[in-house]
Amino acid sequence: MDKTYSPHDIEGRIYRHWEENGLFTPAGDGPPFCIVIPPPNVTGTLHMGHAFQDTIMDALTRFHRMAGDRTLWQPGTDHAGIATQMVVERQLNAEGRTRYELGREGFNERIWRWKEESGGTIARQMRRLGASVDWTRDRFTMDPGMSQAVQDAFVRLHAQGLIYRGKRLVNWDPVLKTAVSDLEVQSEEETGSLWHIRYPFADGKGHVTVATTRPETMLGDVAVAFHPEDERYRGFAGRKLALPLTGREIPLIADAFADPAFGTGCVKLTPAHDFNDYEVGLRLGLPLINILTADAKISDEAPKPYRGLDRFEARKRIVADLEAAGLLEKIEPHKLTIPRGDRSGAVVEPWLTDQWYVRIAPLAAPAIRAVEQGQIRFVPENWDKTYFEWMRNIKDWCISRQLWWGHRIPAWYAPDGTIHVGRSEGEVRKQDGIPASVPLRQDEDVLDTWFSSALWPFSTLGWPDKTKELETFYPTSVLVTGFDIIFFWVARMIMLGLHFTGEVPFREVYVHGLIRDQDGQKMSKSKGNVIDPLDIVDGIGLPELLAKRTTGLMQPQLAPAIERATRKQFPGGIAAHGTDALRFTFASLATQSRDLRFDLGRVEGYRNFCNKLWNAARFVLMSTEAPLVDGPEEFSAYDRWIRSRLHATIAGVREAFTAYRFDLAAQAVYEFTWYEFCDWYLEFSKPVLQSGTSAPAQLRGTRRTLVETLETLLRLLHPLMPFITEEIWQRVAPRAGKTGTSIMRQPFPATLPDAAVPEIEAEMRWVMDFILGVRRIRGELDIAPSVQIPARLQGASPDDLARFARNEAVIRRLAGIAGATPLAAGEAPPQAAAALLGELRILVPMAGLIDVDAELARLGKRRSKLEQELARATAKLGNENFVRNAPAEVVAQERERIAGFKRELAQLAEQHERVTSLR
RNA sequence: GGGUGCUUAGCUCAGCUGGUAGAGCGUCGCCCUUACAAGGCGAAUGUCGCAGGUUCGAUCCCUGCAGCACCCACCA
């Protein structure tokens, strides 16, 4: 083995080994465990969030696979309707072409080609991250099978009256020229204006003033309303107003919808362009005047001078015309929320169109119940509040999109306007008895991407067919997802899953936080703070990193600032850290926090951890032989101690995995590996291995323990760090008497009931404290490591002496003392620095070694600390209520502490005196 | 307007059912001691956001306040 761990050399080889041996396929006859992957965009690349999520899913998958479950991690990708269409459209635009030139079919062919070219990227990246998905079951939402599931779901919902077509106001994205759902609209607060406009009475006698944030929509006004109890306007009800610039007359009406406190108390009603006005219009039977075209220009419904103008251009013109006519009373600055399409960024218009909707209330009710009754559990639990909040206020879901890329809606129109829904034109003709002579035209629209996503947990397993996989793995075990798509995806899977299968799609939803950069900022291309997870794995030079971050920006003017920030943060680019270090970092980031700050420094720390493990393995391998020599084995206290600690760690890790606390799992295994196994046990083993005087049985016991502890530790670490553990395991396993193709299929460590040995742990605590005490003196008094000090023991109990005798070799080596002889009865203690261990005093004679002032300072510091503690504990015991009410063991413990403090203080005083006399 | 979180060492974060404040990174000493300088040994650092309350005892439970996030919502 090399002296330094170099991940690059082994990761690719190991992944191929796993895949070629079919190790990702469910095996055995244990209880099923299944995770379906949240499908990434097929044409995309993995970002840090994916890598994080994949790490968690892979850890869970590997954990359950090792635990003997029949484990499936179902992979796949999503066609991501709008996102993909936009990307390809932009490519076309760059070539100076548009999708309309290609036509629907040509455009879709082009997307499919792009998918074939770029679709492998994600799979390649996932392999690099060690994802143990079952590639043989890879799915794509537009595969024939998936598409059939989508069609089937649509047809069934329609037949059940849960899908309908309706004309109403929708959120219209005038750039993408499609309807979008409420969820795809992002409302941001922006500063705009409130225009106060006079609407004269038709009879020429006076006017009312309305306040609006959207003056251009006045072209579509059909009424003005005031509150029935608004004194200012009472009596005006029913009078006609001359709508400026249009030559139309509209009524002034009294309606409680108007808020007397806002603006002037008069509100203009534009039912075709405002969701509220639409409701009022419906209620009052007002007409609808649609003054906008699909690309948000003024339509022919409006007066001639404004037709064809863009909405914002029209606004300027209208305001100017009103001002010229003396009808503009004033303009006030006004904060308002502007709705924008989450993909295009365009201001979304409420627009009147025909769309398909899912009637959601009947689906939501059981989905709410499933969570209320605990058939589905959110982790962390309080995400259910968010879920309930949304589900209880949910509105019908607009599922049609005016796009070309996606699942075409399986509905056909006859010339008489009737709509026929079915799986194909043939089926429709047959079921509805439409002769071939009657032409049928299929709906042009496609379905919202999230419609197919909502079916994902069962469509990937074969639904609507009753497959073996569906029967085995559905309901799936856990969904791993970010909180940002609870509404988009999680809620919809629950609704449609329950509806179509009668069962929940998953039993638990693990909701993780979102990865942000080191400053807590969201990672995005335009901020220039994106890190490609594979650049952390493989490393990247500064020039390449700069190029990656500054090319293809939507706003190229940001490039210099991005370059500056990047140079500052990564002056030498990014070093290679390997997949395992990155994965371990992700695991340790997986706290219950919502925002997870990614800091490269931590990856570096965990890369060092990999190196530590690697070198510990080197030590074990060079200290043992393969196979271990048979014969009687004698296990030392150290052997039993590390075994005891190992099993405590195993218990902790298992518990953490079960609770989805990957951070705690990572911490437990890190601490065991570094602080117990490496810092102590390996050092304990050296005297036995290297003294040359150890009995063969002792040697065998220590070697056995070294190998078995390491081998178990590797299995414990494997779900988090699959590559390095596999690489080492292949070498260590034979010595542990294990055979197997891979560590992947070895059992996950289980706790042994007899492993915990409290007496041994207590003795080792004593040994370690002894060593630490001496080391502290050495450190503080600057005694060179090469100097072997002769220590003396004062006040040693028979127990102390026995412990020292049993552990002398280890203590001498690790504390760097030449020996430690007890003071003879009546012998005066030498001038010495002292470490206290209960009643025992470890004396380090100071002759020629010690700086008196330094030692006095050290004693003084310790004393003030003890005095503080003593004061606090004494006050506590002085409180009668404490003594009366606190549990007996707490009180007793407090008394013991006080005794200890007092004893130590007395010794300190004595020591202080003795050192002072050295002056 | 409604809802959900967060506030602990210079930075990033743990802290399980209330009982002596922890880690990583960074900082400061001393060491190239044959597993590891991507290392070893040692050290320093916290009125646990503020104010009340419950309790013998609060970082932890309750109330209020402040600051910071995020989500939902149609106020023209």
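The values are calculated or read from the model by the stated rules, or taken from the named source; none is laboratory data. Remember, it's a predicted structure, so these values are computed and weren't measured experimentally. Virtual Cβ from ideal backbone geometry, glycine too; neighbours counted across all protein chains shown.
Go through (1) outside any strand (DSSP E or B); (2) more than 20 Å from residue A:600 (Cα to Cα); (3) in contact with a helix residue (DSSP H, G or I) (Cβ under 8 Å, 6 or more places away or on another chain) for residue A:465 and report which single condition fails.
(3)
Any idea which of (1) in contact with a Lys or Arg (Cβ under 7 Å, 6 or more places away or on another chain); (2) within 26 Å of residue A:182 (Cα to Cα) is the one residue A:413 doesn't satisfy?
So residue A:413 meets the others, but not (2).
Scan segment A:578-601 and report the pairs whose first residue is under 20 Å from residue A:12 (Cα atoms) and whose second residue is at pLDDT below 90 and more than 8 Å from RNA strand B (Cβ to nearest atom), with Cβ atoms within less than 8 Å and a gap of 6+ or a chain change.
Cβ pairs passing all conditions: A:578/A:8.
Would you point out the residue of segment A:599-625, among those that are assigned to a loop (DSSP other than H, G, I, E, B) and surrounded by fewer than 18 Cβ atoms within 10 Å (Cβ to Cβ), that is nearest to RNA strand B (Cβ to nearest atom)? Quick ask: steps written out before the conclusion?
At the first step, the residues of segment A:599-625 found to be assigned to a loop (DSSP other than H, G, I, E, B) are A:599, A:624-625.
Of the ones still in play, those that are also surrounded by fewer than 18 Cβ atoms within 10 Å (Cβ to Cβ) are A:599, A:625.
Numbers: A:599: 6, A:625: 15 Å.
So the residue we want is A:599.
In segment A:359-380, which residues are among the hydrophobic types (A, V, I, L, M, F, W, C) and either more than 21 Å from residue A:396 (Cβ to Cβ) or assigned to a helix (DSSP H, G or I) (or both)?
So in segment A:359-380, the residues among the hydrophobic types (A, V, I, L, M, F, W, C) come out as A:360-361, A:363-365, A:367-368, A:370-371, A:376, A:378-379.
Once the filter is applied, which keeps residues that are among the hydrophobic types (A, V, I, L, M, F, W, C) and either more than 21 Å from residue A:396 (Cβ to Cβ) or assigned to a helix (DSSP H, G or I) (or both), segment A:359-380 yields A:361, A:363, A:364, A:365, A:367, A:368, A:370, A:371, A:376, A:378, A:379.
Residues being near RNA strand B (Cβ under 9 Å from one of its atoms), closer than 23 Å to residue A:346 by Cα and either at pLDDT below 90 or in contact with a helix residue (DSSP H, G or I) (Cβ under 8 Å, 6 or more places away or on another chain) (or both): count how many of those fall in segment A:259-316.
First, pick out the residues of segment A:259-316 that are near RNA strand B (Cβ under 9 Å from one of its atoms): A:259-270, A:274-277, A:279.
Retained after the next criterion (residues that are closer than 23 Å to residue A:346 by Cα): A:270, A:274-277.
Filter once more, so that each one left must be either at pLDDT below 90 or in contact with a helix residue (DSSP H, G or I) (Cβ under 8 Å, 6 or more places away or on another chain) (or both): A:270, A:274.
Of the residues in that region, 2 qualify.
Kindly indicate the residue of segment A:161-192 that is within 16 Å of RNA strand B (Cβ to nearest atom) and polar (S, T, N, Q) and also surrounded by the fewest Cβ atoms within 10 Å (Cβ to Cβ) among those meeting that condition.
Let us first name the residues in segment A:161-192 that are within 16 Å of RNA strand B (Cβ to nearest atom), namely A:168-173, A:179-192.
Next, only the ones that are polar (S, T, N, Q) stay: A:171, A:181, A:186-187, A:191.
On the way: A:171: 20, A:181: 22, A:186: 14, A:187: 11, A:191: 9.
Step by step, filter segment A:161-192, then rank; the result is A:191.
Return the pairs, sorted by first residue and then second, in which the second residue is assigned to a loop (DSSP other than H, G, I, E, B), the first residue lies in segment A:702-725 and is under 17 Å from residue A:748 (Cβ atoms), the beta carbons are less than 6 Å apart, and the residues are 6+ apart or on different chains.
Every condition considered, the pairs that remain are A:712/A:749; A:715/A:746; A:715/A:749; A:716/A:749; A:722/A:130; A:725/A:718.
Name the one entry in A:669, A:688, A:707, A:653 that is surrounded by 21 or more Cβ atoms within 10 Å (Cβ to Cβ) and more than 14 Å from RNA strand B (Cβ to nearest atom). I'd like the intermediate steps shown before the answer.
Working: A:669 fails: more than 14 Å from RNA strand B (Cβ to nearest atom); A:688 fails: more than 14 Å from RNA strand B (Cβ to nearest atom); A:653 fails: more than 14 Å from RNA strand B (Cβ to nearest atom).
So the residue among A:669, A:688, A:707, A:653 that is surrounded by 21 or more Cβ atoms within 10 Å (Cβ to Cβ) and more than 14 Å from RNA strand B (Cβ to nearest atom) is A:707.
Here's the yes/no breakdown for (1) touching a Lys or Arg at 6+ places or on another chain (Cβ under 8 Å); (2) without any contact (Cβ under 8 Å) to a residue 24 or more places away in the chain; (3) within 13 Å of RNA strand B (Cβ to nearest atom); (4) among the aliphatic types (A, V, I, L, M):
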residue: A:222; (1), (2), (3), (4): no, no, no, yes
residue: A:237; (1), (2), (3), (4): no, yes, no, yes
residue: A:246; (1), (2), (3), (4): no, no, no, no
residue: A:257; (1), (2), (3), (4): no, no, yes, no
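I need every pair where a residue in segment A:651-679 that is among the hydroxyl-bearing types (Ser, Thr, Tyr) has its Cβ under 9 Å from the Cβ of a residue that is within 10 Å of RNA strand B (Cβ to nearest atom) and assigned to a helix (DSSP H, G or I), sequence separation at least 6 or different chains.
A:670/A:588; A:670/A:606; A:670/A:609; A:673/A:609; A:673/A:612; A:673/A:613; A:673/A:616
Answer yes or no: is there a residue in segment A:381-390 that is part of a strand (DSSP E or B) and touching a residue at least 12 places away in the same chain (Cβ under 8 Å).
First, the residues of segment A:381-390 that are part of a strand (DSSP E or B): none.
No, segment A:381-390 contains no residue that is part of a strand (DSSP E or B) and touching a residue at least 12 places away in the same chain (Cβ under 8 Å).
Going by the structure shown, is residue A:588 within 17 Å of the chain's Cα centre (by Cα) and part of a loop (DSSP other than H, G, I, E, B)?
The answer is no for residue A:588.
Against the definition (away from RNA strand B (no atom under 16 Å from the Cβ), crowded, with 21+ Cβ neighbours inside 10 Å, part of a helix (DSSP H, G or I) and at negative phi), how does residue A:549 come out, yes or no?
Numbers: away from RNA strand B (no atom under 16 Å from the Cβ): yes; crowded, with 21+ Cβ neighbours inside 10 Å: yes; part of a helix (DSSP H, G or I): yes; at negative phi: yes.
When the stated conditions are applied, residue A:549 passes them.
If residue A:628 satisfies every condition in (1) within 30 Å of residue A:697 (Cβ to Cβ); (2) aliphatic (A, V, I, L, M); (3) buried (at least 22 other Cβ atoms within 10 Å of the Cβ) but one, which is the exception?
(3)
Among the residues in segment A:578-596, are any within 6 Å of RNA strand B (Cβ to nearest atom), farther than 25 Å from residue A:543 by Cα, modelled with pLDDT under 90 and among the small types (Gly, Ala, Ser)?
yes
Which condition does residue A:511 not pass, out of (1) among the β-branched types (Val, Ile, Thr); (2) more than 15 Å from RNA strand B (Cβ to nearest atom); (3) not in a helix (DSSP H, G or I), if it passes all the others?
Status for residue A:511: all satisfied but (2).
Step by step: first the residues of segment A:259-276, then only those that are free of Cβ contacts under 8 Å to residues at least 40 places away in the same chain and assigned to a loop (DSSP other than H, G, I, E, B), then the one that is surrounded by the fewest Cβ atoms within 10 Å (Cβ to Cβ). Which residue is that?
Initial filter on segment A:259-276 (free of Cβ contacts under 8 Å to residues at least 40 places away in the same chain): A:259-261, A:265, A:276.
Then keep just the ones that are assigned to a loop (DSSP other than H, G, I, E, B); that gives A:259-261, A:265.
Details: A:259: 12, A:260: 16, A:261: 8, A:265: 20.
Across segment A:259-276, the extreme among qualifying residues is A:261.
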